[in-house]
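Written below as structure tokens is the structure these notes are about.
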Amino acid sequence: MRASHLFILLSCLALFVCCKQHGKVTAPQVDQDNSQALMASMEDRIGFPDFGFMVQPDDTIPISRVFKLSDDFPRKEPVIDEGVKNILAIDFKSDWRAYMDEVKKYVFEGNASEDYENSFYLEDNKVRPWYHVPWQHWGPNGREGYHGLTQEGPVDDKMLAPTQISETHAYAVGFYNDLGGYAIGKVWNKPEPNYSFFEFDGFPEGTVVAKVLFVPLEADEVPYLKNPVSWDAYIYASDIPGNNSTSKNRITSKVNLIQMDIMVKDKRAIDTGGWVFGTFAYNGNLENDNRWDNLTPVGIMWGNDPDHNKTSYNPTPTKTIINPDLKQTIINDNPEELPPMHLGFASRLNGPVDNAYSSCMSCHSTAQYPVVSAIMPFLNNQKVAIPEAGTNASAQWMRWFRNVPCETPFDPKKATSFDYSLQLVKSIQNYIDYASQAEKGHYSEEYWSKGHKIRRSSIVSD
Ligand code: HEC
């Protein structure tokens with residue numbers, strides 16, 4: 001029922017937009033064959049909206065294309081392709097750098113060209129299919145319509161460089177390879193919704209996920225953002241430097257590439273969580289011809305070093321502080337290549353726009369539905385304060401730095417694990433949010449998530 005309503009609505013909307021683009025609005029004059037073809041093609045990719053925010057099509061800004069969700073998920077489990085085999089042939093512990101380079105190559109193939117604005121439109125990829133997680137359009141930080149970017153966590157001043165005075169937010173889009181797409185499709189079935197929110201058996205070995213992150217900042221504040229990879233984006237006016245607007249308006253603005261995150265389901269990491277996480281930071285000073293190559297690896301992690309509870313942070317970095325006691329994080333030690341990074345809790349891996357009190361695997365280990373515990377200890381209902389530098393963190397704090405095995409919930413018996421995928425959790429949370437508004441009632445599962453919105457958040461809880 002719901003899907004067919006959505007379908008009718010989308011069809012009307014599409015016809016309306018078509019007519020509107022050609023000038024004045026008239027009754028749709030579509031010949032029978034064409035309208036059937038349009039209906040068939042929409043029915044084929046039924047259901048999920050592409051984005052939540054976009055300029056009106058009749059605005060004066062010339063729009064060449066808009067974001068399309070890639071949601072035609074494989075129905076049979078795909079076999080591991082050559083590209084993934086090449087990644088899995090490298091030992092991420094003994095040669096982390098080669099592993100990261102291989103993942104980057106895999107993600108870039110068919111996606112990252114010198115036509116920067118037209119890169120990462122997944123439907124253009126001739127090498128291999130990639131997929132998006134549906135239901136990221138919903139809510140105030142939902143996808144915009146140029147590139148499908150969602151609003152991410154806050155970027156505090158001096159977080160990226162000592163000369164950074166503006167505070168803003170990052171904007172990002174993530175995508176999964178075919179093995180990942182297959183698992184997403186088990187949660188988000190098509191064409192008739194028969195959603196499986198409470199039985200998820202995890203991602204297959206060889207799943208590769210990547211996410212590119214952008215900020216509306218430039219080289220005047222963040223010097224390594226020179227020679228930028230720029231995208232148009234429809235973002236909050238209040239996120240634009242120098243704009244003191246508190247209004248909730250969105251406008252079209254340039255955003256610049258700052259970071260790329262990757263995750264690989266790799267069974268050699270099975271004892272520490274089953275995933276390898278890595279991140280790259282943009283460094284325009286490297287002046288590569290294809291600017292995507294200016295993404296330089298920050299490091300890699302395959303576990304949270306649960307026994308290391310000594311507390312240190314570096315939230316406003318002037319140099320990258322590497323912690324030699326960590327056994328499950330490796331950081332790039334070449335300052336010629338890597339601008340100063342804040343990293344995460346006690347120098348565990350985190351990217352330039354990530355929270356300096358957390359780590360990749362700390363946040364992602366909480367991927368479960370319902371969201372019983374928050375993504376970070378200081379956002380939890382039973383709040384755990386940030387431990388003081390130099391002290392040993394409490395057991396409550398270290399609950400967020402366990403090595404939660406893959407496909408295992410963070411809060412056992414209370415939730416279903418979504419195997420480190422926070423987008424999948426967010427998609428379910430958004431859908432339930434939508435459904436409870438539409439149905440004018442609440443779901444019991446929702447109760448446990450109250451106050452825990454899956455999104456990166458500032459220290460002052462929003
Ligand atoms: C403060 C919490 C937090 C930290 C730290 C964090 N992430 Fe995430 N990440 C999220 C959330 C929330 C999402 C999903 C929603 C979104 O895209 O904002 C996400 C999404 C992703 C995705 C897309 C797939 C998915 O799981 O949904 C990738 C890949 C990813 N993160 C990798 C990383 C890597 C690599 C790091 C460390 C360099 C990292 N993340 C650090 C919270 C975090």
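Figures for the structure shown
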quantity: Test: Asn227 is more than 16 Å from the ligand (Cβ to nearest atom), surrounded by fewer than 15 Cβ atoms within 10 Å (Cβ to Cβ) and modelled with pLDDT of 95 or more; calculated: no
quantity: Selection within the stretch 170-224 - in contact with a strand residue (DSSP E or B) (Cβ under 6 Å, 6 or more places away or on another chain) and either at positive phi or outside the structural domain of Asn288 (by TED's automatic domain parsing) (or both); calculated: none
quantity: Some residue of the stretch 273-284 being surrounded by fewer than 16 Cβ atoms within 10 Å (Cβ to Cβ) and more than 16 Å from the ligand (Cβ to nearest atom); calculated: no
quantity: For Ala233: the one exception among (1) open to solvent by less than 10 Å² (accessible area, probe 1.4 Å); (2) of a type outside the set (Ser, Thr, Tyr); (3) within 23 Å of Pro162 (Cβ to Cβ); calculated: (3)
quantity: Close pairs (8 angstrom Cβ cut-off, 6 or more residues apart or separate chains): under 16 Å from His308 (Cβ atoms) and open to solvent by less than 10 Å² (accessible area, probe 1.4 Å) in the stretch 356-367, more than 8 Å from the ligand (Cβ to nearest atom) and in a helix (DSSP H, G or I) anywhere; calculated: Ser358/Phe345; Ser358/Trp400; Ser359/Phe345; Ser359/Phe401; Ser362/Phe345; Ser362/Trp400; Ser362/Phe401; Ser365/Trp400
quantity: Count of the stretch 112-128 residues which are in contact (Cβ under 8 Å) with a residue 60 or more places away in the chain and not hydrophobic (A, V, I, L, M, F, W, C); calculated: 5
quantity: Pick from the stretch 389-425, criterion within 10 Å of the ligand (Cβ to nearest atom) and either open to solvent by 20 Å² or more (accessible area, probe 1.4 Å) or assigned to a strand (DSSP E or B) (or both), ranking: nearest to Phe51 (Cα to Cα); calculated: Gln423
quantity: Residue match in the stretch 206-214 (condition: surrounded by fewer than 18 Cβ atoms within 10 Å (Cβ to Cβ) and either more than 16 Å from the ligand (Cβ to nearest atom) or assigned to a strand (DSSP E or B) (or both)); calculated: no
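The values are calculated or read from the model by the stated rules, or taken from the named source; none is laboratory data. Since the structure is predicted, the reported quantities are computational estimates derived from the model, not experimental observations. Positions of Cβ are backbone-derived with ideal geometry, glycine not excepted, and every protein chain shown enters the neighbour counts. In case anyone asks, the SASA skips ligands and DNA or RNA and just uses the protein heavy atoms, side chains included. Shrake-Rupley method; radii C 1.70, N 1.55, O 1.52, S 1.80 Å.
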